[in-house]
Amino acid sequence: MSAYEVNFDGLVGLTHNYAGLSFGNVASTSNKNAIANPKQAALQGLDKMKALADLGFKQGVLPPQQRPCVKTLRELGFSGNDATVLQQAAKTAPHLLAAVGSASSMWVANAATVSPSADTGNGKVHFTVANLNNKFHRAIEVPTTSNALKAIFTDEQYFEHHAALPQQSTWGDEGAANHNRLCSDYGSSGVEVFVYGCQSDGGHVKPTKYPARQTKEASQAVARLHQLDENKTVFVQQNPDVIDQGVFHNDVISVSNGNVLFHHQQAFLHQAQAFDEIHRKLEPLGSQFMPIEVPTSKVSVEDAVKTYLFNSQLLTKKDGSMLIVVPEESKNNPRVWGYLNELIQSGGPINEIQVFNLRESMCNGGGPACLRLRVVLSQAELNVTNPNAMLTDTNYHALTNWVNKHYRDQLSESDLSDPQLLIENYTALDELTKIMNLGSIYSFQM
């Protein structure tokens, strides 16, 4: 059965700013208080989507959230009209205003975990929205993310949506950023690899400096919800030492596509054992596991974090070979760029590099892979997916015009208390729901 891997990229929101909210994400915290350019950020993301669509890859779009989220501030005790709520928060709890004003939903690799119909017990595509409970500014994304996914993947004959796991640390779930799938081809049954940072029952090695956001218990719960066969799932722990070096998600240290796992030498704990299990479970499905390991001697963990070499996209071209999509930061680092050129000349499956300028996202700690949620769809499933969420030439121009019309050129954390920014957000998102035919996914009233 033919199937496609469709990359749904997050559209950067109007409040894109550098508040440095994500402890454990080195880029996020090191650029705190810099001036951001929301318009440029959104256009950079759209340019990447359009370039990949023009190369023949299936490309979709996920909408941003309403921000600042006044509803959350009201739940935390602020009252009055919207302008008063924002001013109260700015004066007495600026850290809360920064949290509810974050545009972090742009990194939709954290939106959900997705299992294709070829893997699931009931033959449907399953979505479990990530609870993101390690970070308050991300945990509040859950309701709108759920609404957006249901507005794009509506047909219950083909799609099954699950609520986020309970908002408690045992069930810390960061979505597809800690999930890989290995297969012979997208439409065939594959092995789903869940990467976790810690186990909540204690007694296990875990990072000491930065939090391990994904728990094994959460990964196991998602696998149960998606009705995955235990003979086709693998649970592997991320190396706690690299988490303490700023590898806050697995997609900062490895990326998969087809039967290939492109990873750093230090990515996983008990790596040989895990890879043996992947090989044993993948082989009966007609595929040979192909790990491509990047040695520390060529690329340090520090360089991997700074350049987001592994927060890349691996895409299968029409001839079966693979393209790697990296940010400009990878090209600007001599060691990483030297390694990449060795890689594409090595005769292996990855034989082409595409470089994109994603500086606005990178400065906040998100690269090409952070910006996309991979959804494998059969032709029948693609046919019933909301067509207005797919990037076509028409949609690209509509979205580009929308960004140029509504977005600011500059934004700082202090601007989040501006009531006019809130009005701009509501006006823009109301228009976006019509462009993308999303219905009422937001809670505000126009």
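Suppose we keep just the DSSP beta bridges with both residues in the chain; what percent of those would be antiparallel, to 5? Let's see the in-between values first.
On the way: 27 of 52 bridges.
Bridges in the chain are about 50 percent antiparallel.
Which whole-number percentage describes the relative contact order of region 151-245, with Cα contacts under 8 Å and a sequence gap of 6 or more?
On the way: 127 pairs, mean separation 27.5, N = 95.
Result for region 151-245 is 29 percent.
Fully extended, how many nm does the chain gain between Glu156 and Gln354 (0.36 nm per residue separation, minus their Cα-Cα distance)?
Result: 67.6 nm gained on full extension.
How high is the relative contact order of the chain? Use alpha-carbon pairs under 8 Å, at least six apart in sequence, and give a whole percent.
23
Name the shape class, rounded, prolate or oblate, that the alpha-carbon gyration tensor gives for region 165-209, where a ≥ b ≥ c are the square roots of its eigenvalues, rounded holds for a/c under 1.5, and otherwise prolate holds if a/b is larger than b/c and oblate otherwise.
Numbers: a/c = 3.07, a/b = 2.10, b/c = 1.46.
Taking the square roots of the gyration eigenvalues as a ≥ b ≥ c, region 165-209 is prolate.
For region 221-266 and region 378-401, what is the separation of their Cα centres, given in Å?
29
When a/c reaches 1.5 or more, the comparison of a/b and b/c decides; with that in mind, is region 300-446 rounded, prolate or oblate per its Cα gyration tensor? Write out the running numbers ahead of the final one.
Details: a/c = 2.92, a/b = 1.46, b/c = 2.00.
Oblate.
Averaged per residue, what accessible surface does the chain expose to a 1.4 Å probe, in Å²?
Numbers: 16670 Å² over 446 residues.
The answer is 37 Å² per residue.
Which value at 222 nm does the chain reach when only helices count, each DSSP H run of 4 or more adding -39,500 (n - 2.57), with the total divided by all residues and rounded to the nearest 500 deg cm²/dmol?
Rounded to the nearest 500, it is -9500 deg cm²/dmol.
Report, in listed order, any pair from Lys124/Lys150; Lys48/Lys434; Lys39/Lys306; Lys48/Lys318 with a Cα-Cα distance greater than 21 Å.
In this structure, Lys48/Lys434; Lys39/Lys306 lie more than 21 Å apart at Cα.
Which shape class applies to region 166-324: rounded if a/c is under 1.5, otherwise prolate when a/b exceeds b/c and oblate if not, where a ≥ b ≥ c are the square roots of the Cα gyration tensor eigenvalues?
oblate
Net charge within 13 Å of Asn259 by Cβ-Cβ distance, Lys/Arg positive one each and Asp/Glu negative one each, not counting Asn259 itself? Display every interim value, and only then the final one.
Working: positive: Arg181, Lys281; negative: Asp185, Glu283.
In short, 0.
How much of the accessible area of the chain, probe 1.4 Å, is carbon plus sulfur, in whole percent?
Carbon with sulfur: 48 percent of the solvent-accessible area.
Over what distance in Å are the Cα centres of region 45-120 and region 273-332 separated?
Result: 28 Å between the Cα centres.
The values are calculated or read from the model by the stated rules, or taken from the named source; none is laboratory data. Every value quoted in this text rests on a predicted model; they were computed, and no experiment measured them. Quick reminder, even Gly has a Cβ in these numbers, built from the backbone with ideal geometry, and neighbours come from all protein chains shown. Keep in mind that these areas ignore ligands, DNA and RNA; they rest on the heavy atoms of the full protein, side chains included. Shrake-Rupley method; radii C 1.70, N 1.55, O 1.52, S 1.80 Å.
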